[in-house]
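S.K.: I'd like to ask some things about the structure below.
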Amino acid sequence: MENRYNSETNRDHEDTSPPVSPLSRSLNSTIISLIIFAVFELETPITEFETLELLLSHLVPLSTRFSSIMEKNNKGVLRWKKVDVRMEDHLIVPTFPIGLSREGYDEHLREYLSKIGCEKFSDEKPLWEVHLVKYPSLNGACTMIFKFSHALGDGYSFIRVFFKCCGRADKPSSPLTFPRLSLMRTQQQYDGYRVIGSGKKLFGLMRKCKNTSYDLMESLLRTTVFEDRLSAIRSETSASMKIELFRPFNIHSVTLSLERVKQVKSKLGATVNDVIVGLLSYIIHLYAVRKTKNMDQYGEDGSKMNSTNGGTNTSMTICVMLNMRIFKGFTNMEDMIRADAWGNHSRLLMIPLPTFPYLEEVNPLDFIIKAKENMDRKKNSMIFYLIDSLLKTAMWIKGQKGIDEMLYYSLKNASTMITSVIGPKEQMAILNHPVSSFYYLVSGIPQSVTFTSVSCMEQLKLVVTMEKGFIDSELFISCMDEAFEKIFRAAFGYHPGMDDNQITRKSN
């Protein structure tokens with residue numbers, strides 16, 4: 001049967017359609033297929049008619065990718081072919097049971113996210129959908145879920161879309177603004193001294209070359225033979241050669257005051273990213289210790305889990321999604337968002353997670369300090385500029401399969417992943433419907449635990465997805481809450497509490 005999205009007018013332009021980049025092909029391949037979900041919880045209900053108007057007048061015109069499919073031309077080249085789009089085919093309105101409480105509908109919302117997170121896109125229509133959940137949740141009157149294939153673009157491509165589609169809730173005629181912060185370090189300081197003078201400059205160059213050589217070799221080995229050992233967050237399934245990418249997951253989110261996070265950052269001389277990675281390391285540390293103790297005590301499979309398989313002496317690696325736009329001359333978020341830089345400009349960077357073997361009672365700030373040390377060492381390296389060269393080398397040696405495998409093994413051989421975006425300072429509104437909560441997540445990753453973070457409206461929202469059947473979600477959530485309490489207590493001597501807008505939503 002002929003693809004109903006094909007049209008006669010498009011056939012004449014088959015050869016002029018832009019080719020699909022190798023990275024976009026990898027992100028929608030049989031080996032790896034990443035899907036981004038942007039979740040907007042609205043304060044007031046929005047109708048299906050309004051949603052269709054949003055798609056037709058605001059979303060689709062912003063990029064030809066929203067009206068294109070991947071299709072090989074008569075020469076066998078995979079290209080973005082522009083097609084006619086039926087908006088009704090891309091709007092899904094689920095039905096939930098009637099008469100539930102907000103808590104009940106909130107649980108159904110998370111289960112629904114898990115369900116659609118396990119469903120791949122059809123190749124016969126553009127790789128995006130919008131799901132309108134017309135039931136209240138704990139944070140809104142209804143929920144809009146934007147589902148995009150990562151092959152269309154990266155997180156900041158979609159932030160640009162929302163920047164164009166959304167307005168300010170308080171002043172609809174005014175544009176959204178983003179934090180005026182520098183994305184590139186103008187001064188670098190390592191090991192307590194500044195690199196000045198010809199001798200120290202030479203020493204600094206030698207150190208950078210050494211770090212670059214180490215990072216280059218590590219990247220090559222990480223994408224081939226080196227992988228993290230089994231642990232409390234890395235199962236045998238994740239380590240196996242054949243892994244099901246789309247597995248059901250639980251979702252949990254925590255919202256923290258961005259001001260408090262910045263205070264921790266300032267106290268330790270770190271960055272917000274350092275604080276986030278340190279927080280995640282401490283959460284995973286607590287979970288690994290508690291999980292090992294529970295299995296030693298109860299013996300889930302009749303045998304004890306020793307510390308080398310489940311505990312805290314196992315070295316772990318986190319994949320950090322790096323936005324390469326910061327190396328292209330952008331000095332702040334607004335310039336980057338406003339620029340027409342559509343596509344996949346994000347790359348994976350491997351960072352060792354701070355670990356303290358066998359110890360449960362550790363100063364939580366030590367995790368942030370060690371995370372800062374690891375991140376600073378990466379910054380004093382040229383590996384950022386060599387990532388694309390590695391991808392081109394893989395392409396030259398093994399063709400498209402080389403890039404597919406490099407991306408897949410980069411994720412599979414690590415223990416977890418974090419990707420972050422920076423949102424606007426003001427409250428957003430979609431067609432004059434104020435947004436009460438915004439977060440995003442990624443599915444299709446060959447890992448059991450993944451994290452996303454977004455700073456928006458002066459808050460930091462951290463979202464974790466946990467593989468069902470392997471991760472003890474209740475224990476993990478408990479460790480998250482305890483980690484935040486201990487971090488703030490260690491930094492300021494008090495519990496953050498609700499005064500700092502710490503909000504938790506428990507998964508099933």
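The values are calculated or read from the model by the stated rules, or taken from the named source; none is laboratory data. Model, not experiment: these values are computed from the prediction. In this analysis, Cβ positions are derived from the backbone assuming ideal geometry, glycine residues included, and neighbour counts consider all displayed protein chains. Quick note on the areas: whole protein, heavy atoms, side chains included, nothing else; ligands and nucleic acids left out. Shrake-Rupley method; radii C 1.70, N 1.55, O 1.52, S 1.80 Å.
S.K.: Sequence-distant or interchain residues sharing an amide H contact under 5 Å with residue 270, placed H: which?
M.R.: For residue 270, no residues qualify.
S.K.: Now for a different question. Set the Förster radius R0 to 41 Å, insert the Cβ-Cβ distance between residue 47 and residue 377 as r into 1/(1 + (r/R0)^6), and round the FRET efficiency to 0.05.
M.R.: Numbers: r = 52 Å, r/R0 = 1.28.
For residue 47 and residue 377, the calculated efficiency is 0.20.
S.K.: Follow-up. Averaging over every viewing direction, what projected area does the convex hull of the Cα atoms of segment 74-119 cover, in nm²?
M.R.: 5.5 nm²
S.K.: Highest first, please rank the peptides 477-490, 67-80 by the mean number of other Cβ atoms sitting within 10 Å of their residues.
M.R.: 477-490, 67-80
S.K.: Ignoring any ligand, DNA or RNA, what whole percent of the accessible area of segment 334-489 comes from carbon and sulfur when the probe is 1.4 angstrom?
M.R.: Ligands and nucleic acids excluded, carbon and sulfur reach 54 percent.
S.K.: Considering only DSSP beta bridges with both partners in segment 393-462, what is the antiparallel share in %, to the nearest 5? All intermediate terms of the calculation are to be shown ahead of the outcome.
M.R.: On the way: 6 of 11 bridges.
Of the beta bridges lying entirely in segment 393-462, close to 55 percent run antiparallel.
S.K.: Tell me, what HN-Hα J-couplings in whole Hz come from the Karplus equation 6.51 cos²θ - 1.76 cosθ + 1.60 at θ = phi - 60° for each residue of segment 203-212, using x for Gly and Pro?
M.R.: These are the phi-based 3J(HN,Hα) values: 5, x, 5, 5, 5, 5, 5, 5, 4, 5 Hz.
S.K.: If r is the Cβ-Cβ distance from residue 474 to residue 267 and R0 is 35 Å, what FRET efficiency results, to the nearest 0.05?
M.R.: Once the sixth-power term is evaluated, E becomes 0.65.
S.K.: Assuming 0.36 nm per residue, please report the length gained on full extension of the stretch residue 95 to residue 210 beyond their Cα-Cα distance.
M.R.: That works out to 35.6 nm of additional length.
S.K.: Convert each backbone phi in segment 379-390 into a coupling constant with the Karplus relation 6.51 cos²θ - 1.76 cosθ + 1.60 (shift: θ = phi - 60°), then list the ³J(HN,Hα) values in order as whole Hz, x for Gly and Pro.
M.R.: After applying 6.51 cos²θ - 1.76 cosθ + 1.60, I find 5, 8, 8, 9, 4, 4, 7, 9, 4, 5, 5, 5 Hz.
S.K.: Arrange the peptides 89-96, 458-465 so that the one whose residues have, on average, the most other Cβ atoms within 10 Å appears first.
M.R.: Listed from highest to lowest mean packing, they are 458-465, 89-96.
S.K.: Further question on the same structure: If the only charges are +1 at each Lys and Arg Cβ and -1 at each Asp and Glu Cβ, what is the size of the charge dipole of segment 345-486 around the Cα centre, to the nearest 20 debye?
M.R.: Taking the Cα centre of segment 345-486 as origin, the dipole is about 820 debye.
S.K.: Continuing with this model, one more query. What whole-number volume per residue, in cubic angstrom, does the convex hull of the C-alpha atoms of segment 209-289 give?
M.R.: 163 Å³
S.K.: Moving on. Do me a favour and compute the ellipsoid semi-axes for segment 44-181 from its Cα gyration tensor, root of five times each eigenvalue, largest one first, whole Å.
M.R.: Result for segment 44-181: semi-axes of 28, 21, 14 Å.
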